Ligand SMILES: Nc1ncnc2c1ncn2[C@@H]1O[C@H](COP(=O)(O)OP(=O)(O)OP(=O)(O)O)[C@@H](O)[C@H]1O
């Protein structure tokens, strides 16, 4: 399969924070959700990919090409959508589009007009008068109107109401019918990814905790619930994180087969959500057990 995005041992240090030799890759045709708590290093990673920040070490390849040496041709093939508004607020939607259009060799005006209709974008309105949801749709329309093969989105759903979030996710899902496209999508709202992501990469405190297909994750991980007596008999090594209370415990394990073998049906075993995996695995969480 063709690797559309590859990071190998990438590091970057700021005073008080560092990204520590992170590696992961995304194949063409898939959606990767990039999750992690606030301050985990998601935006820093994306800025490094986009060469908005200079990495200290490591290799970043996009479409198999070095992201610095081939920055311009790579960016023509990327749609970049990020949270903070990066348009000129005084311009109208139409004026702003006319301004960015010449930067893209593959600009498809017909496609842009199609998105204007689909998203109900008001061409004559100044950007500063658009709602947050509209700004996001405008950003997306721009990103999609130059036949981008890879969409890189930094917290695109942040601050959007559930309806617009749902709409955005549907749009992304629709896009994936074109097998040529891939999406890399950072968020701390993990429920956004339950439906649409093929791969999950989880970053915590500047380190990659896991990078797997969502199906693999759901096969390996489970939530275990039991009473206090059961917890005393259990080898805690099978758990990533445990939450204990007066009556019993709830824990996350990444060794579902071992749990099933050891405890059978003496405990309650449930399917975890991505949120369970993130909460129990986050290092700063008081429930975290193992080291990684
Ligand atoms: N230019 C910079 N100089 C110094 N420190 C920085 C810089 N940019 C980011 N940081 C720090 O790096 C850490 C990671 O920040 P980053 O924005 O990558 O996290 P994030 O996972 O995107 O978080 P959030 O979900 O809150 O957006 C934070 O502690 C932040 O303060």
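Read the figures in this text as sums done on the coordinates, not as results from a lab. All values derive from a computational prediction rather than experimental measurement. Using ideal geometry, Cβ is built from the backbone for each residue, glycine included, and neighbour counts are taken over all protein chains shown.
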* Of 201, 273, which residue is touching a helix residue (DSSP H, G or I) at 6+ places or on another chain (Cβ under 8 Å) and either closer than 30 Å to residue 147 by Cβ or touching a residue at least 60 places away in the same chain (Cβ under 8 Å) (or both)? -> 273
* Which of the residues belonging to the range 1-19 are within 12 Å of the ligand (Cβ to nearest atom), touching a residue at least 40 places away in the same chain (Cβ under 8 Å) and surrounded by fewer than 23 Cβ atoms within 10 Å (Cβ to Cβ)? -> 12, 13, 17, 18
* **Single condition residue 117 does not satisfy, out of (1) on the phi > 0 side of the Ramachandran plot; (2) out of contact with any helix residue (DSSP H, G or I) (no Cβ under 9 Å at 6 or more places or on another chain)** => (1)
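Please determine, by comparing only the residues of the range 214-249 that are assigned to a strand (DSSP E or B) and out of contact with any helix residue (DSSP H, G or I) (no Cβ under 9 Å at 6 or more places or on another chain), which one is nearest to residue 42 (Cα to Cα). So that I can check it myself, show each step before the final result.
Of the residues in the range 214-249, the ones assigned to a strand (DSSP E or B) are 222-227, 239-244, 248-249.
Going one step further and asking which of them are out of contact with any helix residue (DSSP H, G or I) (no Cβ under 9 Å at 6 or more places or on another chain), we end up with 225, 227.
Details: 225: 32, 227: 37 Å.
Applying the filter and picking the extreme gives 225.
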* To do: Take the residues in the range 56-95 that are touching a helix residue (DSSP H, G or I) at 6+ places or on another chain (Cβ under 7 Å), more than 16 Å from the ligand (Cβ to nearest atom) and in contact (Cβ under 8 Å) with a residue 40 or more places away in the chain, then tell me which one is farthest from residue 9 (Cα to Cα).
  => 93
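Of the residues 48, 53, which is within 14 Å of the ligand (Cβ to nearest atom) and part of a loop (DSSP other than H, G, I, E, B)?
Values: 48 fails: part of a loop (DSSP other than H, G, I, E, B).
Testing whether each residue is within 14 Å of the ligand (Cβ to nearest atom) and part of a loop (DSSP other than H, G, I, E, B) leaves just 53.
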* Of the residues that sit in the range 176-201 and are touching a strand residue (DSSP E or B) at 6+ places or on another chain (Cβ under 7 Å) and surrounded by fewer than 21 Cβ atoms within 10 Å (Cβ to Cβ), which one is nearest to residue 86 (Cα to Cα)? -> 188
* Taking the range 126-157, which residues are surrounded by fewer than 17 Cβ atoms within 10 Å (Cβ to Cβ) and in contact with a helix residue (DSSP H, G or I) (Cβ under 9 Å, 6 or more places away or on another chain)? -> 126, 131, 132
